[in-house]
Structure formats: C-alpha cells, structure tokens
Amino acid sequence: MEHLSSLTDWTPEVMTEVLALAAQLKADPGAYAQAASQKVLFMIFEKPSLRTRVSFETGIVRMGGHAINYDVTTSPLGAGKESLSDTIKVVSRFSDLIVARLYKHSDLTEMIANAGVPVINGLTDYSHPCQIMADLLTIQEHKGSLKGKTLCFLGDGCNNVTHSLLFGCAMAGMNIRIGCPQGKDFEPLPEIVEKAKNLSAVNGSEIFISHDAHEAASGSDVIYTDSWMSYHIDPAELDERVSKFMPYQVTTDIMKAANADAIFMNCLPAVRGYEQTAEVIDGPQSVVFDQAENRMHAQNAIMLRLLSQC
Ligand code: CP
Ligand code: NVA
C-alpha cells in the first residue's frame, strides 16, 4: 500500500505519471466519472482550509465517490478522549482513503503507521505535497513543459510549501531559486535542501538560495510566493515577520527582473500588500486561480494512483 506523505515517497517517474493522469482527468472528466465509485474519503483537518477541503470533497464526488469531513473539535480525539492511533484504526474500517491536514508532521507519520488505507498529506507544518502537484500541473500548462524551467520562490523559506517545492522542482528537473531572509527561522531546513540537491543532481537541475530578491528572481519563468503568516504561526509575530519579509514582496519591479513571459503563482490564501502587491496578483501574469482549480485535478490523480496500489 502507498501513502503520500512527501513527494519523495515517489520516484520522479511516478510523479510524472501522476501528473500525466491529472492532465487526462482535467481534459476528459467524463471518462473518470465512476473511477472512484463507492469509495469513501475520510477528511480530517486540524487547521483551516478552503481549497484543500473543497477540492478533495468535490474531486471524490466527481469520480463517483463520497467524502466525510470529520470535525476534530467535536471528536473524542479533539477532546483528548481517544488516541490518534485508535482513531485511525477505526476510520480505516469505514473508509478507502484518508486525507489529513495536521500541525505536527510526526502525527501524520503516526497516522500512516496505524492506517489500513492510504493516507494523503493535506498539509503539515513541514510539507504540502498536494499543493505542489497542482503547481507543477499549472506550470506544465502555461509553460508547455517542466524540465529546464526555473521557479523562484520569494518570502518564507522555512515553510511547508517551500520545502515541497524544493522536492517537486528537483524531481521534475526544474531549477529552483529561493529568495528569503537570513536565519534558520526563514531559510529552508538544511536536511530538505540537501535531499533536494541530491535529487536535482540526478535530474539535471540547480538549487540556488539568495538573500537578495532581485538576484533570486532574475531569469525565472515562475515567481512564486506564499503567506508570511502560515496557519501555525503565532499572530503575535505579525509585525516582526512583515518587516523581515517586506524586502521579498513580489512587486511589478520583481516581475520585471524575471523573464518577460514569467507567470506569478501563490498557493493562496493571499494578502494583498504583504507577500505580493494587488497589481501583481490581480495582473495579467498571475495564474493563481488556475493553480487553485488544479488542486482538484491533481488530487483526483493522486487518489486514483493510491487506490490502484492497494
Ligand atoms: N493552498 C491551500 O492549501 O489552501 P487551503 O489552506 O485553503 O486549503
Ligand atoms: N504555508 C501556508 C500554506 C497555506 C496553504 C500555511 O501553512 O499556512
């Protein structure tokens, strides 16, 4: 049985196959209208969500299945009356797939250890692989291919999306340039960078980390940013983080430092005036809503892949 905890659970070849399936699902949804017939997806979210929650539920329904959104706040788990391992053992008796959005990545690992059905990482503090599958699909659509293209991420480098982008780009043979403040709280985790560098060496791409936003953006095909206040960040840190990250805000000037036909991406939710200006996110280079839509197509492919490996 296969789970999706990190993109590195797959080989680059499998990731490419799943992306190809996602493109087929998007092009011909009717052909997959019963692909998950009678399948039940159990969804458990410890953190807020719009896209992940709605795209998984819509996605399984459009393939003939059903989703249950389990409210942690009213659960024995949330009340401290039942362990995570017992919860997952019980849920595995009723469902065919589990998607979990959790704070601690170690809780996801514990879920996987106790699950009788495939578990999908719907975001942890550490990584967000489903997002990056949708992002790669979006880049493929707008740029024609992935290999050899360059993505620049600006802002919070020590971030779940940044971590998964490092893996996804390296596995797809894309170059990734990160522009972030100096310091361990703002730079990608060293263990992730090392693993991504090994993958990129095999797949013929490069990883570059800079503390200068213009330098990082230069020559890029994609400019990508994410929230400066991820769900797990204490709101009390707002002022300090805004001043740290402001030099990495995506502005029209930054977009000009990238290639002329560069696209702008943000996994959303976004705050205009923080990680990007309104002019950029609402401008002609922005593909953020294609990116949001592609969550469903990418995740449908992920679900079919995991169901096929049971
Ligand atoms: N991008 C993303 O995961 O959005 P949600 O937090 O709304 O699910
Ligand atoms: N880094 C963000 C991603 C939101 C989809 C967070 O964890 O909140």
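Quick notes on this structure:
- Tabulated pairs, region 157-185, first touching a residue at least 12 places away in the same chain (Cβ under 8 Å), second assigned to a strand (DSSP E or B) and within 15 Å of ligand 2 (Cβ to nearest atom), C-beta under 6 angstrom, 6+ apart or interchain: G157/I178; T162/F153; L165/F153; I178/F153; G179/L154
- Residue satisfying all of: in region 230-240; more than 24 Å from I132 (Cα to Cα) and not acidic (D, E); most open to solvent (accessible area, probe 1.4 Å) among these: P235
- Region 171-200, residues that are part of a helix (DSSP H, G or I), out of contact with any His (no Cβ under 8 Å at 6 or more places or on another chain) and under 18 Å from C130 (Cα atoms): M171, A172, A196
- When each of S227, S205 is tested for being open to solvent by 10 Å² or more (accessible area, probe 1.4 Å), outside any helix (DSSP H, G or I) and within 14 Å of ligand 2 (Cβ to nearest atom), the lone residue that passes is S227.
- Count of region 256-307 residues, restricted to those that are farther than 18 Å from L136 by Cα, among the charged types (D, E, K, R) and either open to solvent by 10 Å² or more (accessible area, probe 1.4 Å) or more than 16 Å from ligand 1 (Cβ to nearest atom) (or both), is 4.
- Within the set V72, V90, the sole residue that is in contact with a Gly (Cβ under 6 Å, 6 or more places away or on another chain), surrounded by fewer than 19 Cβ atoms within 10 Å (Cβ to Cβ) and within 25 Å of H105 (Cα to Cα) turns out to be V72.
- Residues satisfying the stated conditions in region 47-90, i.e. closer than 25 Å to V288 by Cβ, charged (D, E, K, R) and not in a helix (DSSP H, G or I): K47
- If you go through region 171-187 and keep only what is open to solvent by 10 Å² or more (accessible area, probe 1.4 Å) and within 18 Å of A217 (Cα to Cα), you end up with N175, R177, Q182, F186, E187.
- Taking residues in region 3-31 that are at pLDDT 95 or above, and partners anywhere that are of a type in the set (K, R), the pairs with Cβ atoms closer than 6 Å and at least 6 places apart or on different chains are V18/R305.
- Candidate set: region 119-170, residues that are open to solvent by 10 Å² or more (accessible area, probe 1.4 Å) and in a helix (DSSP H, G or I); chosen: the one farthest from ligand 1 (Cβ to nearest atom): K143
- L7 fulfils the conditions (1) under 27 Å from Q291 (Cβ atoms); (2) away from ligand 1 (no atom under 16 Å from the Cβ); (3) surrounded by 14 or more Cβ atoms within 10 Å (Cβ to Cβ) except for a single criterion, (2).
The values are calculated or read from the model by the stated rules, or taken from the named source; none is laboratory data. This structure is a prediction, so every number in the text was calculated from the model and none was measured. Positions of Cβ are generated from backbone atoms using ideal geometry, with glycine treated the same way; all protein chains shown enter the neighbour counts. When the accessible area is computed, the model is the full protein with side chains, heavy atoms only, and any ligands, DNA or RNA have been set aside. Shrake-Rupley method; radii C 1.70, N 1.55, O 1.52, S 1.80 Å.
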